[in-house]
Structures are given as structure tokens and as C-alpha cells.
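Shown next, in C-alpha cells, is the structure this report addresses.
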């Protein structure tokens, strides 16, 4: 029996993600219709009510009527355009694979404009909604705001990379952007799946657990996709690593201290704290193990560019708890949050924010290497040629 090749796995992943996106599109587009017209069809509620229970859905959405009512139009714009983005994403991948460059560019412009318009609707909702009034509370509001910023930044950098002639960086940023957009359907999967594993939890409690890792999971998925598409062994102009062993060691030490603080803070709050810690630590450990093994393996295989990218993201992952630990007291002081909410909000945004930072550092690494080549070219052209020795 033949083992699946890398191409087979990539094709299967594209088909799976495309199926999720196409299936979620009508759910996203109709999700808020009942708030505008009671009794209107909402496919997501219908499916969730049968997967879990109608009472589970009714209890969760009963508290949403007032917060949604004063921002209903921006939310409808956000959700309908979000459904359109679910369809545009697979089309962009298909046109890129098929090398339909002109169609890819046209759809890319439509995609970028749609992202900005959809995120504008979400921004209006967040601006009009107090953090404590958001679904599942202030931590969820903070996570939504962070994902919004990450989505806008990634699509902006993706457009700028394409204009500047960096197709490899354009690909990375657009994959990260789409990863952030995929937090919406993945959250719905957790709404339906986690009650089977942890029965008795409300949707709000499941929401809080899901936000502890969704940002980091989709960012990690975008990295895996980027690395699977980039088969270059090295990049011309790249010399020393920007993440040498001393930097990695310092990042590990700082991350270990911050992670210990996060764990101790979570354990102070009994079962709720332990549940949130599990939702955070298990994906973090898996991501760490994959990044570490890939960085070491590509180094042994003599693939310096792959090793460099893995090490930059590995370093960022180690530093993510540092950002989380620093953000928690800031949220507690500025927003008046209780300690558990502040710690969970800080932990929820750390990995996604540092993954975005790592993608920015990777971009700067590629741009710096190209600049090194540009500066070296005139020097090579003007260098005197040695004459052949006379016999």
C-alpha cells in the first residue's frame, strides 16, 4: 500500500477546508436574520439545535437580543460579507493553483474590499457594545477585537506584498488572513462538538474555552500551509539566523516564567480555571512540539530557509506567554476586569498576536535578503577581473 505523498495531503487539506467554507457560508449569511425578522430561517441555529438541543441554543441566544438590536445593520453586513469571504477564499486558492493570474488578481481585489467592509461592520458593533455585554463577556470582546485587527493587518500586508512584488510574502499574509476568518466556522464546530465531551456546559462557557486557542490554532494552520507550499531550500542573500540559539534560549526562559505564572493564576480559580488552562495548554504543547521538531529536522536536512522560518515562529511561540502575562494586569486595571477574565483574555490573544509578529519578522527577513542582493550586485559588476596568468 502506497503512503500518501505531500501532494496528496495538501490536496486533501484544501478539499476539507473548502468544504467547511462552502458549508458555513449560508450559515454565516443567515445567522442574524431572526433578529431582524423573527421566524426567519437561520440554518446554524437549526443544525445546532439538532446536534445538541433546542434548549442549549435558546438559552445561549436569549441574551443577545438587546446587544445585537442597537448594532443590527453593521452585524448583518459583517455576517453576510463574511459568508461571501468563505466562498472567495477557496476560489482564490483554486485560481492560484491553476495559475489563472488575471482572475486571481480580480478576485483578490474583491476579497480585500470585502474583508475591509466586513471588518468595518464588526468594528462598529464592538465600538457600540461594552465589553461586559459581549457574548461570553469581556474576554470574548477582547478576542474579537484582536482577531479583527489581525485580519485587517494581514490583508493589508498581503496587498502591499503583492504590489511590491513579493509573491511568497503575499501568500503568507493572505493565508494568515484567511486563517483568522476561519475562527468563525471553527467556533461553531466547538459549539456543537464540545457539549458531547463536556456535557452540561453552556454555550457561553464553551465560548470562553474555545477562545483560549482558536487564534493560535488558525495561525499555526496558516504557517503549516505556508511551509508546505514553499519548497525553497535557501534564499539568496540570507546569511546568519535572526533566531540564533542564544535568542531561542532567552525566549524559552522568559516563556517558561510567564507560562508558570499563567498556570498558577488559573489554578487559583478551581474547575473553571482548570478548564480554561486545559483549553490553552494542550494546543500550545502540540504547536510547540511540531515547531521544535520541524526546526530541528530541517536543520539536519540542510534546508536553512525552512529552519529559519520555523525558528522565528518557534521563538515567537515561546514569547507568547510573556505577552499574555503582561496583558492580563493591563486588562485588569484599564477595563476593570476580574482576575480570571483578565488572565484568560491575555492568554487568548498571546499566540495569535505573536504569530502575526513572527510573520512580520519573516517578511522583513525576506526583504532584507533581497536588499543584500541588490547592494551586492553593483559591487560584483564593478569588481576588477583578475587576468589569466601568462605561461
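The values are calculated or read from the model by the stated rules, or taken from the named source; none is laboratory data. Small disclaimer: the values here were computed from a predicted structure and weren't measured. Cβ: placed from backbone, ideal geometry, glycine included. Neighbour counts: every protein chain shown.
Identify the single condition in (1) at positive phi; (2) crowded, with 24+ Cβ neighbours inside 10 Å that residue 336 does not satisfy, given that it satisfies every other one. For residue 336, the exception is condition (2). When residue 199 is tested against the conditions (1) out of contact with any helix residue (DSSP H, G or I) (no Cβ under 9 Å at 6 or more places or on another chain); (2) part of a helix (DSSP H, G or I), the lone failure is (2). When residues in the range 28-63 are screened for being touching a residue at least 60 places away in the same chain (Cβ under 8 Å) and either within 18 Å of residue 119 (Cα to Cα) or in contact with a strand residue (DSSP E or B) (Cβ under 9 Å, 6 or more places away or on another chain) (or both), 1 of them pass. When the range 233-260 is filtered for residues that are in contact with a helix residue (DSSP H, G or I) (Cβ under 6 Å, 6 or more places away or on another chain) and free of Cβ contacts under 8 Å to residues at least 60 places away in the same chain, nothing remains.
When 215, 255 are screened for being at pLDDT 95 or above, surrounded by 18 or more Cβ atoms within 10 Å (Cβ to Cβ) and not in a loop (DSSP other than H, G, I, E, B), only 255 passes.
Checking the structure you have, find out if any residue of the range 185-193 is part of a loop (DSSP other than H, G, I, E, B) and modelled with pLDDT under 95. Before you say what the answer is, go through the steps one by one.
At the first step, the residues of the range 185-193 found to be part of a loop (DSSP other than H, G, I, E, B) are none.
Checked against the condition, which is being part of a loop (DSSP other than H, G, I, E, B) and modelled with pLDDT under 95, the range 185-193 yields no hits at all.
Yes/no per residue for (1) touching a helix residue (DSSP H, G or I) at 6+ places or on another chain (Cβ under 7 Å); (2) more than 26 Å from residue 44 (Cα to Cα):
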site: 90; (1), (2): yes, no
site: 94; (1), (2): no, yes
site: 97; (1), (2): no, yes
site: 109; (1), (2): no, yes
site: 114; (1), (2): yes, no
site: 117; (1), (2): yes, no
site: 127; (1), (2): no, no
site: 131; (1), (2): yes, no
site: 135; (1), (2): yes, no
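Look at residue 275 and say whether it is closer than 30 Å to residue 370 by Cα, over 17 Å from the mean Cα position of the chain (by Cα) and either surrounded by 12 or more Cβ atoms within 10 Å (Cβ to Cβ) or at pLDDT 95 or above (or both). Taking the combined requirement at face value, the residue does not satisfy it. Selection of the range 165-184 for residues being assigned to a helix (DSSP H, G or I) and under 17 Å from residue 361 (Cα atoms) yields 167, 168, 169, 170, 171, 172, 173, 174, 175, 176, 177.
Which residue, of 375, 307, is surrounded by fewer than 24 Cβ atoms within 10 Å (Cβ to Cβ) and modelled with pLDDT of 95 or more? Write out each step before concluding.
Details: 375 fails: modelled with pLDDT of 95 or more.
From the options 375, 307, the qualifying one is 307.
Among the residues in the range 292-303, are any assigned to a helix (DSSP H, G or I), within 17 Å of the chain's Cα centre (by Cα) and either closer than 21 Å to residue 154 by Cα or free of Cβ contacts under 8 Å to residues at least 60 places away in the same chain (or both)? Please lay out each step first, then the result.
First, the residues of the range 292-303 that are assigned to a helix (DSSP H, G or I): 292-300.
Adding the requirement that they be within 17 Å of the chain's Cα centre (by Cα) leaves none.
Scanning the range 292-303 turns up no residue that is assigned to a helix (DSSP H, G or I), within 17 Å of the chain's Cα centre (by Cα) and either closer than 21 Å to residue 154 by Cα or free of Cβ contacts under 8 Å to residues at least 60 places away in the same chain (or both).
Name the helices (runs of 4 or more DSSP H) wholly within the range 64-141 that hold at least 1 residues that are in contact (Cβ under 8 Å) with a residue 12 or more places away in the chain, under 30 Å from residue 12 (Cβ atoms) and within 22 Å of the chain's Cα centre (by Cα)? Please lay out each step first, then the result.
Working: elements: 65-69, 72-97, 101-128.
Passing ranges, in order: 72-97, 101-128.
Can you name the residue in the range 26-43 that is surrounded by fewer than 19 Cβ atoms within 10 Å (Cβ to Cβ) and in a helix (DSSP H, G or I) and, of all such residues, is modelled with the lowest pLDDT? The qualifying residue modelled with the lowest pLDDT is 36.
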